[in-house]
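One structure below.
The values are calculated or read from the model by the stated rules, or taken from the named source; none is laboratory data. Every value quoted in this text rests on a predicted model; they were computed, and no experiment measured them. Methodologically, a virtual Cβ is constructed for each residue, glycine included, from the backbone with ideal geometry; neighbour enumeration extends over all protein chains shown. Accessible surface areas use protein heavy atoms only, side chains included; no ligands, DNA or RNA. Shrake-Rupley method; radii C 1.70, N 1.55, O 1.52, S 1.80 Å.
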Amino acid sequence: MTEYIATTPFGRRTMTLGQIASQVKARTAPKDAVVHKWQTFQHIREARDLIGATDRALAILNALLSFHQETALTGDADIVVWPSNEQLMARANGMPPTTLRRHLAVLVECGLIIRRDSPNGKRYARKGRGGQIEQAYGFDLSPIVARAAEFKDLAEAVQAEKRAFRVAKERLTLLRRDIVKMIDTGIEESVPGNWGRVQQSYQAVMNRLPRSAPRQLLESICEELEALWRDIRDVLESFADSQNTDANESQSGRHIQNSNPDSLYESENDNRDKKEAGGSAEENDKLRSLPRRDLPLGIVLDACSNLRELAQGGEIRHWRDFLAAAELARPMLGISPSAWREAREVLGEQQAGITLAAIYQRADQINSAGGYLRSLTERARDGKFSTWPMIMALLRAKLDASKPPAARPETADYASEPRQQGSSGGVQASSELRKLLEKRPKDPGPGWE
């Protein structure tokens, strides 16, 4: 074949500096360069956004490559194909002529092909006497050979960006899942902390995430979420470590050589408070006559109204709110987690919460709340304790305190019960409850004095 010179487009198409640069780039291809046309086409397809090619343009390029018989493209010869528009449209799945011309221009602008137009604008090849091609007019594919390494680098960059974007999305998904579930765990397990503010911080970060976010924004949001995740994890791990430590100390506390500081403090006042938790055989008989049904929440709240001050918003509407407030009262009373856990295992969560609320109601009269709770737990383990006498005693004390001084029974053990702060008229009890309290003896029975 004869050597080409730089040619200009046929007809009204103008020459651009980009086309000249493409021709210069094509001439710089090494003579010994050999590339696999379909591998290079795969690289071009992956990097099409960086190159500027469209899907339709790539369909045409695929058709042009199919007109070259050899799979390998070399740099020691011109690579020109000269299919007609009809042939190109057939191999491009019936693309309309106007669309074909428009996307051929895109391939030229991207520097993927070079136009080699004949004097009359037609595409053909002129052969010599021996049948070899002396001159061809059509589309030159030599830029693909010259830029094969560039296309490979661009494709690898695109793949790396896709991997980084996928990793960022996976990281964001894991962080969102972990944070939401850890916040729920902190709330459910009553871990000390301002979980409402933590949720607000999480929502503030997520509100900045658009529907379609670039990788850089995803990584920035992931950094903020990871800092929040780390703070929540540290709080939960610290609380879990303290719970495990208390559990180990609780096991060793059953031996004579007790190393649990909470248990030691509780045992110092144990003898004093065991008298309150103790009961005689006559008192044990009274337990059998107590109601078997659970205490209503309203009666418990009337008797243990001080617990309302620990509830969120000062309101307790369900047992769940009641137990959450009891969890807050436990450290305020100095009750170790091990003693509280043992009480819940023996009494049940609801009965243990009622017991703790009653202790909190009379916190100023109990020297060691932890030792007292352990004593009541041991009595409950032997079937010698019920929460009914405790609640009835607190209600009777409140009713007696609400009466005029002359009407109060002088022999009552609870006449000196202090009136609740902020209470104007004492406890409001129904007529049925008042009759029940009047019928019951003044002695509250075992488990409370």
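Being within 30 Å of Asp32 (Cβ to Cβ) and basic (Lys, Arg) is the filter here; which residues of the range 69-103 pass it? Correct list: empty. Looking at this structure, is Glu327 out of contact with any Ser or Thr (no Cβ under 7 Å at 6 or more places or on another chain), modelled with pLDDT of 85 or more and charged (D, E, K, R)? Spelling it out, it is not the case that Glu327 is out of contact with any Ser or Thr (no Cβ under 7 Å at 6 or more places or on another chain), modelled with pLDDT of 85 or more and charged (D, E, K, R). On the basis of being open to solvent by 60 Å² or more (accessible area, probe 1.4 Å), at pLDDT 90 or above and either farther than 30 Å from Ser238 by Cα or more than 16 Å from the chain's Cα centre (by Cα) (or both), does Glu161 make the cut? Taking the combined requirement at face value, the residue satisfies it. In the range 290-302 there is no residue that is in contact with a helix residue (DSSP H, G or I) (Cβ under 7 Å, 6 or more places away or on another chain), open to solvent by less than 70 Å² (accessible area, probe 1.4 Å), modelled with pLDDT of 85 or more and part of a loop (DSSP other than H, G, I, E, B).
Residues in the range 117-155 that are assigned to a helix (DSSP H, G or I) and touching a Ser or Thr at 6+ places or on another chain (Cβ under 9 Å) were compared, and the one that is most open to solvent (accessible area, probe 1.4 Å) is Lys152.
For the range 50-84, residues that are open to solvent by 50 Å² or more (accessible area, probe 1.4 Å) and part of a helix (DSSP H, G or I) total 4.
Within the range 303-330, can you find the residues that are basic (Lys, Arg) and either open to solvent by 40 Å² or more (accessible area, probe 1.4 Å) or under 28 Å from the mean Cα position of the chain (by Cα) (or both)?
Result: Arg308, Arg317, Arg320.
Among the residues in the range 200-219, are any modelled with pLDDT under 90, in a helix (DSSP H, G or I), hydrophobic (A, V, I, L, M, F, W, C) and surrounded by 14 or more Cβ atoms within 10 Å (Cβ to Cβ)? No.
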